[in-house]
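Reviewing the structure listed below.
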Amino acid sequence: MKLTGREREEFALRYLPLVKYVVSRFYIKETGTISKEDLFHWGIVGLMEAIDRFDEKRGIRFEVYAIKRIEGAIKDALRKEDILTRGQREKYRQLIEVIDSLEEGELDEKNIADRLGVDLVTYWELLEDINPVIVSSIEELLEGKGFEIPDSRELIEDKVENEELLDALGKAIKKLNDRERHILSLYYYEGLSLKQIGTILGITESRVSQLHAQIILKLRRMIKGEWE
């Protein structure tokens with residue numbers, strides 16, 4: 001998109017609410033090393049990239065394109081930031097090892113916590129700590145499976161080319177319980193923030209973050225099971 005400096009600035013101000021919307025969908029623990037202000041800054045970078053690179057000829061609405069760019073910029077920054085302590089990173093490694101060793105019917109919170117050797121409260125705190133690392137999107141779940149997925153900034157449409165992987169994801173989602181599927185639907189299809197989902201379900205934003213992380217971990221394990 002070719003704009004003068006003034007037009008570019010005015011365009012950015014007009015679409016600044018998109019950055020606020022995207023940031024609202026990320027849960028960041030208040031005691032963590034990353035703040036909402038950090039996310040907002042990274043989101044603005046993504047918005048400016050969207051303005052500079054948007055091509056009207058592609059037939060995609062700017063809002064759709066910009067949201068993907070903003071999300072991508074934030075996710076890329078989170079990947080580069082070392083937001084976990086050494087202890088948290090070790091716990092994360094242990095968590096993945098435990099989950100990979102379990103059968104599908106054993107993927108409940110209590111069982112995972114027991115296998116980790118911690119109580120439920122400690123496990124929930126761990127899910128909150130690692131939430132920005134593992135659950136920013138379903139696309140990253142698919143990336144974690146080891147398939148070639150384009151950079152998140154290039155995911156202009158919500159689809160994945162690998163039909164077999166989509167089939168595995170669909171089967172895994174069907175195995176979730178009603179509440180878990182409801183949370184996924186509210187977050188990924190209706191575009192609600194974790195806070196809004198918490199209001200609907202009558203639980204805190206923090207608890208939704210924990211459940212969301214647990215769901216993604218379960219999906220990751222079930223998809224892996226489909227491909228073993």
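The values are calculated or read from the model by the stated rules, or taken from the named source; none is laboratory data. If you're wondering where the values come from, they're calculated on a predicted model, not measured in any experiment. Here the Cβ is made from the backbone with ideal geometry for all residues, glycine too, and neighbour counts use every protein chain on show.
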Residues of the range 3-38 satisfying the condition of being acidic (Asp, Glu) and in contact (Cβ under 8 Å) with a residue 12 or more places away in the chain: Asp38
Residue check, Gly105 more than 30 Å from Tyr21 (Cα to Cα), at pLDDT below 90, over 16 Å from the mean Cα position of the chain (by Cα) and not charged (D, E, K, R): yes
Gly170 surrounded by 15 or more Cβ atoms within 10 Å (Cβ to Cβ), over 22 Å from Lys36 (Cα atoms), outside the structural domain of Leu18 (by TED's automatic domain parsing) and modelled with pLDDT under 90: no
2 or more residues among the basic types (Lys, Arg): qualifying helices (runs of 4 or more DSSP H) within the range 160-220: 163-174, 178-184
Scope the range 56-95; condition touching a residue at least 60 places away in the same chain (Cβ under 8 Å) and of a type in the set (Val, Ile, Thr); matching residues: Ile60, Val64, Ile74
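Only one of these is at pLDDT below 90, in the same structural domain as Leu120 (by TED's automatic domain parsing) and surrounded by 15 or more Cβ atoms within 10 Å (Cβ to Cβ): Ile197, Ile223, Ile183. Name it.
Result: Ile223 is the single residue among Ile197, Ile223, Ile183 that is at pLDDT below 90, in the same structural domain as Leu120 (by TED's automatic domain parsing) and surrounded by 15 or more Cβ atoms within 10 Å (Cβ to Cβ).
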The listed residue being in the same structural domain as Arg207 (by TED's automatic domain parsing) and among the aliphatic types (A, V, I, L, M), out of Val98, Val19: Val98
One residue from Arg93, Arg53, Arg115, Arg58 being of a type in the set (Lys, Arg), surrounded by fewer than 14 Cβ atoms within 10 Å (Cβ to Cβ) and assigned by TED's automatic domain parsing to the domain that holds Arg207: Arg93
Single match in Arg6, Arg14, Arg69 (criterion: among the charged types (D, E, K, R) and either modelled with pLDDT under 90 or touching a Pro at 6+ places or on another chain (Cβ under 8 Å) (or both)): Arg6
